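**Q** Sharing a structure below in structure tokens format, with a few things to ask.
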Amino acid sequence: MDKIIIKDLLLRGIIGINDDERVNKQDILINLVMYANTRPAADSDDISDAINYRTITKRIIAHLEESADFLVEKLVEDIARFIILDYNVDRVVLRVEKPGALRFAKSVGVEIDRDKSDYS
């Protein structure tokens, strides 16, 4: 299966359980690998046959701007779900991290691996 990779998408949003996290936006780092057949796009050289990573990135940004989840687990699951259900992606490995969330750690995050069977 072919891979489409979005690496180190750094956004800001409301996520967390502490009072200050409910008010102040914080950095959220997103990495994902989408598994899909890229041959139709390679053969046609037409964006309509491709997994449009720009469109997916815009959707992730919009989702983060609209949401205010308490848990990273919820955010990562929501993103994986719409990528698979709405963009003809067979499988996604998605990691969402909160840089600086713990004093002595570079970041803390959740990584999930989902495919179409998880949402049927």
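Values quoted throughout were computed directly from the atomic coordinates according to the rules given, and no laboratory measurement underlies them. Everything numeric here is computed off the predicted structure, so don't read it as measured data. Note: ideal-geometry Cβ built from the backbone for every residue, glycine included; neighbour counts use all protein chains shown.
**Q** Using label points projected 7 Å from each Cα along Cα→Cβ, tell me how many nm separate Leu85 and Ser48, to one decimal.
**A** Each label point is offset 7 Å from its Cα along the Cβ direction, giving 2.6 nm.
**Q** Related question: Would you work out the relative contact order for region 37-120, in percent, from Cα pairs under 8 angstrom that are 6 or more residues apart?
**A** With pairs under 8 Å counted, the relative contact order is 22 percent.
**Q** Taking the Cα centre of region 2-119 as origin, sum charge times position over the Cβ atoms of Lys and Arg (+1) and Asp and Glu (-1), and report the length of that vector in debye to the nearest 20.
**A** Using Cβ point charges on Lys, Arg, Asp and Glu, region 2-119 gives about 320 debye.
**Q** Pull out a ≥ b ≥ c, the square roots of the eigenvalues of the alpha-carbon gyration tensor of region 2-119, then state rounded if a/c is under 1.5, prolate if not and a/b is larger than b/c, and oblate in the remaining case.
**A** Prolate is the answer for region 2-119, as a/c is 1.5 or above and a/b outweighs b/c.
**Q** Compute the long axis of helix 53-66 from its Cα atoms, compare it with the longest principal axis of the Cα atoms of the chain, and write down the angle in degrees, 0 to 90, nearest 10.
**A** Its long axis makes an angle of about 30 degrees.
**Q** Compute the long axis of helix 72-86 from its Cα atoms, compare it with the longest principal axis of the Cα atoms of the chain, and write down the angle in degrees, 0 to 90, nearest 10.
**A** Taking Cα atoms only, the helix is inclined about 20 degrees.
**Q** Right, another one. Return the long-range amide H neighbours of Ile28 (sequence gap of 5 or more, or a different chain), with a cut-off of under 5 Å between placed amide H atoms.
**A** When sequence neighbours closer than 5 places are left aside, the close amide H contacts are Leu11, Arg12, Gly13.
**Q** Which whole-number percentage describes the relative contact order of region 73-117, with Cα contacts under 8 Å and a sequence gap of 6 or more?
**A** Contact order relative to length: 39 percent.
**Q** Using a Gaussian network model of the chain with C-alpha springs under 10 Å, which one of Ile51, Ile60, Ile17 is most mobile by mean-square fluctuation?
**A** Top of the fluctuation ranking is Ile17.
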